[in-house]
Structure formats: C-alpha cells, structure tokens
Amino acid sequence: MNDIKSETITGGRPGSGAHRVVALCGPYLSGKTSLLESILYATGAIGRRGSTRAGTSIGDGAAEARKRGMGTEINVASVDYLGDQWTFLDVPGSIEFQHDAFAALAVSDAAVLVCEPSPERVVSLTPLLKFIEDHHIPHVIFVNKIDSAEVRVRDMLAALQTISSRKLVLRQVPIRHTAADGSEETVGYVDLVSERAYRYKSSGASDLIEMPAEILPRESEARREMLETLSEFDDTLLEQLIEDIAPEKSLIYRDLHDEFGADLIVPVLLGAGDRENGVRRLLKALRHDTPFVAETAKRRSLPSNGVAMAECFKVLHQSHAGKLSLCRVWSGSLVEGQSVGGQRIGTLLRPFGQRLDKISEAKAGEIVALAKVDALSGGQSLAASGIAATADFPKADTSVFALSLRAKNRNDEVKLSGALHKIVEEDPSLSFEARGETHELLLKGQGEMHLKVAVDKLAGRYNVAVETETPRVAYRETIQGGSQQHARYKRQTGGHGQFADIKVEIKPLPRGTGFRFVDKIVGGVVPRNFIPAVEEGLIDYLKEGPLGQPVVDLEVTLFDGQFHAVDSSEMSFKMAARIAMNEAMPKCRPVLLEPILKVTVAAPNDATPRIQRLISGRRGQLLGYDAREGWNGWDEVSALMPEAEIADMIVEIRSVTQGVGTFRTEFDHLQELVGRTAERIVEESKKRAA
C-alpha cells in the first residue's frame, strides 16, 4: 500500500492556460459525438448544439460519416474552458475504424470512455479498454443516456468492474423520479465528494437542490464504498476510516487527482450527452485531474526538454490543402517558416471539425495540422534530429476483409494507384496488393463497412469510381495418377523447320512438394542445350492445368527423345513439352486443391459456443480453444478452414460478439476438393478463360 502525497503538477496547473488533450471514445451508438456537441456548447465554442441525425454536428462531419450517421475518422475540436485550453478528439466507435481510435488515444493526456447504461453491452468496451489499460492512459467512464436508463447504477458498475483491471470509483448516484405510470426517470444526481444534490436542466448547468431524504441511505453507502476504494492507496485515509473520522474533502480530492493521474482508479460519472446533463461535472473533473503534457510525455518516454518536438498521429489528404499531418506538440513550439529536423514548417492549421483555422504558432500540448510536410506520416515524430518512428505508436491490426477492385474507366488505373496510396497513408489499417495468382487488385481492411467507406473516398475525394467483387480464391490442382507421354512437334514452312521429339513420365508427389523436373537423358538423344527449354515448356504449361488452375505437386521425368541437326531449336522443345503435358494431364486424374488456413478467432467467452458452431457450419475443423492471453473473459478458438469460407466470415463473427470479435489466419496446407463445389469452380474458371 502506498501513501501517495500530492506533488507539484508538471507542465501546468488548472487555469494556467496550458493545453491538454482528451479522447472521447466508446462503442458505436454510445453517444460520443452528441457528448462532444454538448461540451462545445457548454464551453461556448459553438452557439447551438448540432445533431448527428440532422447532419449538423461538428463531429462526424466527413461526407462518408454523414452518409452513414457514424464516425469514420478522428474529429478534432479545441475549446477554452475556465482559462484552460483543451482539444477533444472524438474517435470512431466501430471496431473497423479502431486504428484511428488507438492513434488518438496514444497522443491524449486522458480518455473519456463513453458507454450506454446496459450491463449486457459492456463487453463492447473491451478492445478500447484493453488498449487504454495496456498504455496506462488515465481514463474516466461516462455512463451516457442515464436519463432513460432502466438498470440500477450499482448493477452497471458491477458489470463494468468485470472488464476493468483498475478499481472503479463511482463519483455520483442518480436521483430518480417515479412517474404516475410507474416508469422511472433520472432527474439529477448527488456528488459523492461534495455531498451536494443537483437537478438536471434540459440545457445549462444543473440546479443545486436540497438532498432528497430518500436518497440518503444510498448516498451514504456509495460514498463509503468510494472512500474505501481510495483508502487502498492512502494510509492516512485508511486510518481515518478505521477510526470513524470524517475525512476532509480536500484529502478526497487530492487522492482522486493523484490516483487518477497514476492510472490506479477509474472515476465513473453519469449523464446524458444529448441533453447536456452531467457535461459540466465531467468537464470539472477533467480540469482538476487530467495530467498535463509534460506528464504524458514522461509516461510515454518522450522528450520534454523545451526543444521543438511533435508527433504525427494522423494524415489527411485534402484537395485544397494537400497533405496535412495532424500532430501533437510535445515540447517547445512550432512556428510558421521554422525549420525542424530538415523540414520546413509551412502553414500551421488548427482543426475544428471540418474547419481549418490558420495560426502562426503551436505550443507544447496543442494539436496542429502541418500542411505539406510530405515526409511526415502517422506514427512518426519530428524533432531537431529529423523524422523518426515513435516506438509505442499503435500498429495496424491484421486485415480480416478484402475486396477485389478495378477502375470502371480503364484510363483511371494509374489514378487509382495514386489514390490508394493516399487512403492507406490516411488509414494504415487499410492495405492493397496486386495478387498475381488471380490477377486481381485487392483492398484489405477491418470489415465490410471499412472498405465501403474507402471505396466512397476513392469516388468522392479522388474521382476514381471502382467496381468491387469478392476476391477469388487461389485454387490449385494436382494429379492422382501417373502417365507416360510421347510428344512430337514438327513444322515445315520453308527454309529451316521446327522439330522436337520427347518422351516424359509424369507422377504425383506428396502434398506441398511443388514441381520437380528430372533429366534422365543419356547418349545425347536430346542435346544438353535443349533440356532447359523442355523444363521451361513444362513450367509454362503448369500455370494452368486441365481444371483451369496452376498445377502443383508432380514430377516430370524426361527420359528419351530425338532431335534434328538443322530444324531443332529451344522453341521446338519448349512446344513439345507443352504438347506432352496437354495430352498427358487428363489421363493423370487431375483433382482440384483448395487452400486451407489455420484460423484463430478471438471473442468473449460467452460467445465461444456460437463461434464454434459458425466454424463448423463453414466446413471448418475445430482444433480447440483456450483463454486469450492478457484478455480477461476472452477465448481464442483455433480451427482449420477453407479460404473460400473466410471471405465474409468477419461479418458473422461481429454479429455474435457485439461487434468486437476478430480473427487472424495463416496458410496451412492444400486439400483435395471434389463434388459439386469443385465442379462449380472448374466451370467458373472455364467461363473466365473464354
């Protein structure tokens, strides 16, 4: 146990004008953007609250976000609150855009984790909470939509504690009103430190009221629980509780501040963001307890020596401004025209939703957009020593969904490549590759919606319309039996002709062996300089066998042949090899092979049975399951599955895991495929070749 003493705040104090950054995060539909709107209104940054439904909010202002009514990228807004400068980062709630959320959290001094008052849905918080805890980011849980909550706060708190490794500290208890029809509505709250009661208003600060008598037993119980939790970290407070001495409020506030900043406790606050309820109480808690920039830099082992140093956490490409690098200034300041690390700082812009305000200087703690610093990308820092990768910046997750792309206008293919490079720089959890096996351009990401948004960006921002389809599986074929084949290639067209005669033996090899060529020519019946041409002809044929797929796992032995001193050539023997294979392969009982992947699905353990049924229903072979390391209440289910069954599997996984399940894959082996499925694949291959 520690007796934590209050220390001088490094880098600022409330009211000093120092700049702090807070990330607003939470699952889709938790109400983060409405909360941001009320924060902006309460601090005077906007004169009227906008609406996400009406498309008038500061957050979710991008065209792709407006179209779907959901966050698709980081939204930035800076405010002044009681003499302090704040930047709020409203991040996407969907796990498909999780990389942006993690990038914003990485540069924040604190986080507000927003959730609905539903114990059944707390599992949807786990990916965000795991990242926050792993990176020791001080955080508040804001239970939103409390006005319509039907669940008891103590039940909600108990559910939240099951997913949090930190001690939760309830800061408020709700005041409820029972209507004539028996329904309950939350109309206010009691602050457990000050022991004052407040009644919510539809807009504006809550009214101070007399403590309702009926709330006193619950308030006393909840306050005792709060103090007992705090006493685990403060011997002085513990002694006072044992001796039944009422602690001074200043001691309680000090402990809340110190233990929050040290990421030992998680305050839990209540409110309704769309009605402005509880917003000012949240702002006051953040104002008193959020660490300053120097403390956050120390937590992340970043320099804070006064020399200019900034970290890029997000890149944007805009038609009118070019490349913008969103950065957090960790120390010193950035001034327009200054040179840092060999990079000239051009225009400095302060984002406010979709608006960009030009500024002349960005000081330590601020979020700023640097225009046209082309060498600087997400996860990199800019300092006097130059540009370098930031060690603890979040890496993009493995892709779980892919689409095959092609430009609707073939003249746009070069433009498409350039546009893809830009959207991948904006969002590193996207990637693209040219897949030579199937002659496709693949766009990969974190889910169906993720890629639909990317496709919309290609069309809307870069004027490149594309057609999409499910990627084809890279099937193979092999043989089940062997054969000998004699092939002759002879042409006479005047002058030198073409002549080659070979005999080959074909036989299958064990799975995974590949192709093997054996030369058993003796006596010079085929000259040594023509034998490589035979092998080349064989390899050329194997690119597409009788079933329309590349051929693997066979051995071809060249054991006899003839040549003509004048008419034989490398081309003749290459053609003879192709003829031999073309005639022999149908006799070798060709069979289709499909790629089998080892799949590991991560999901909350109450969803494990559903995941197992899902895998079995997709021709999967279950290998077992185990607890997911480092994730309380999560399992990892392992299986072998055909690649063809995985294309849209993430959609079903998310539907049975409240949107938080994921998986990773690796190639395992090729397996024979027969029956109607194989016949359908062969027929489709023939149609494409026609």
Item to check | For the range 394-437, alpha-carbon Rg relative to the globular expectation (2.2 N^0.38 Å, N residues) | outcome: 1.28
Item to check | For the range 334-492, diffusion coefficient by Stokes-Einstein and Kirkwood Rh (Cα), 10 °C, 1.306 mPa s, µm²/s | outcome: 80
Checklist entry - For the range 599-668, what is the accessible area per residue in Å² when the probe is 1.4 Å? => result 48
Item to check | Pairwise label distance in nanometres, Asp606 with Gln480, each label 7 Å out on the Cα-Cβ vector | outcome: 4.8
Next on the checklist: Cross-link candidates for Lys358: which lysines have Cα within less than 19 Å, leaving aside residues fewer than 8 places away along the same chain?
Outcome noted: Lys314, Lys323, Lys372
Checklist outcome for this item: For the range 63-144 the trypsin sites (Lys or Arg not before Pro) that pass both the DSSP coil test and the at-most-13 other-Cβ-within-10 Å test are none
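How much accessible area per residue does the range 41-107 have, in Å², with a 1.4 Å probe? Provide the component values of the computation, followed by the final result.
Numbers: 2270 Å² over 67 residues.
Heavy-atom SASA per residue in the range 41-107 reads 34 Å².
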Checklist entry - Excluding ligands, DNA and RNA, what is the solvent-accessible area per residue of the range 213-348 at a probe of 1.4 Å, expressed in Å²? => result 39
Checklist entry - Between Gln354 and Arg664, what is the FRET efficiency for a Förster distance of 35 Å, r being their Cβ-Cβ separation, to the nearest 0.05? => result 0.50
Checklist entry - Given a cut-off of 27 Å, what percent of all Cα-Cα pairs of the range 180-323 lie beyond it? => result 44
Item to check | Given Lys67/Lys687; Lys363/Lys452; Lys395/Lys543; Lys587/Lys687, the pairs whose alpha carbons are separated by over 31 Å | outcome: Lys67/Lys687; Lys363/Lys452; Lys395/Lys543
Checklist entry - What number comes out for the charge environment of Val91, summing +1 per Lys or Arg and -1 per Asp or Glu over other residues with Cβ under 13 Å away? => result -4
Next on the checklist: Given the range 9-121, report the % of alpha carbon pairs whose separation exceeds 20 Å.
Outcome noted: 41
Checklist entry - Looking at the range 90-196, which GluC sites (Glu not before Pro) are DSSP coil and have at most 13 other C-beta atoms within 10 Å of their C-beta? => result Glu150, Glu195
Checklist entry - For the pair Arg488 and Arg48, how long in nm is the line joining their label points, each one 7 Å along Cα→Cβ? => result 9.2
Item to check | Sulfur and carbon atoms: percent of accessible area, the chain [1.4 Å] | outcome: 48
Item to check | Cα pair distances in the range 592-664, grouped into 10 Å bins until the bin that holds the longest one, percent each | outcome: 21, 57, 19, 3, 0
Next on the checklist: Among (i) 1.11; (ii) 0.99; (iii) 0.95, only one was calculated for this model; which label is it, if the read-out is Rg/Rh (Cα atoms, Kirkwood Rh)?
Outcome noted: (i)
Checklist entry - Between Ser339 and Glu150, what FRET efficiency comes out of the Förster formula 1/(1 + (r/R0)^6) with R0 = 51 Å and r the beta carbon distance, rounded to 0.05? => result 0.30
Next on the checklist: Starting from 0.36 nm per residue, how many nanometres of slack lie between Glu570 and Asp235 once their C-alpha separation is accounted for?
Outcome noted: 111.7 nm
Next on the checklist: Can you give me the orientation-averaged projected area of the convex hull built on the Cα atoms of the range 302-413, in nm²?
Outcome noted: 9.4
Item to check | Cut-off 15 Å (backbone N to label point 7 Å along Cα→Cβ of Glu437), residues of the range 519-545 | outcome: 543-545
Checklist outcome for this item: Ignoring ligands and nucleic acids, Lys490 exposes an accessible area, probe 1.4 Å, in Å² to the nearest 10, of 130
Item to check | Computed log₁₀ I(q)/I(0) - Debye formula, equal Cα scatterers, no solvent, the range 500-611, q 0.11, 0.12, 0.19, 0.20 Å⁻¹ | outcome: -0.44, -0.49, -0.95, -1.02
Checklist entry - Just going by the charge dipole of the chain, with Lys and Arg at +1 and Asp and Glu at -1 on Cβ, which of Val153, Val169, His669 is farthest out on the positive end? => result His669
Checklist entry - What length, rounded to one decimal in nm, is gained on full extension from Gln318 through to Glu679, with 0.36 nm per residue of separation minus their alpha-carbon distance? => result 125.1 nm
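With a cap of 12 neighbouring Cβ atoms within 10 Å, and only residues DSSP puts in a loop, list the trypsin sites (Lys or Arg not before Pro) found in the range 402-463.
In loop regions of the range 402-463 (DSSP not H, G, I, E or B), the sparsely surrounded trypsin sites (Lys or Arg not before Pro) are Lys408.
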Next on the checklist: If you take every residue apart from Val368 with its C-beta less than 10 Å away from the C-beta of Val368, what net charge results, scoring Lys and Arg +1 and Asp and Glu -1?
Outcome noted: +1
Item to check | Convex hull volume of the range 271-312 per residue (C-alpha atoms, cubic angstrom) | outcome: 116
Checklist entry - So how far apart, in nm, are the two label points at Arg196 and Lys130 if each is 7 Å from Cα heading toward Cβ? => result 4.2
Next on the checklist: Can you give me the C-alpha center-to-center distance between the range 472-507 and the range 355-429, rounded to a whole angstrom?
Outcome noted: 51
Checklist entry - Using a cut-off of 19 Å between alpha-carbon atoms, which aspartates and glutamates can reach Lys507, once sequence neighbours fewer than 8 places away in the same chain are excluded? => result Glu477, Asp519, Glu535, Glu536, Asp540, Glu544, Asp553, Glu555, Asp560, Glu583, Glu672
Checklist entry - Cα centroids of the range 646-688 and the range 52-104: how far apart, whole angstrom? => result 35
Item to check | Backbone N under 17 Å from the Ala465 label point (7 Å along Cα→Cβ), restricted to the range 389-428 | outcome: 405-416
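The values are calculated or read from the model by the stated rules, or taken from the named source; none is laboratory data. All of these numbers come straight from a predicted model, not from anything done at the bench. Every residue, glycine among them, receives a Cβ derived from its backbone with ideal geometry; neighbour counts consider all protein chains shown. Keep in mind that these areas ignore ligands, DNA and RNA; they rest on the heavy atoms of the full protein, side chains included. Shrake-Rupley method; radii C 1.70, N 1.55, O 1.52, S 1.80 Å.
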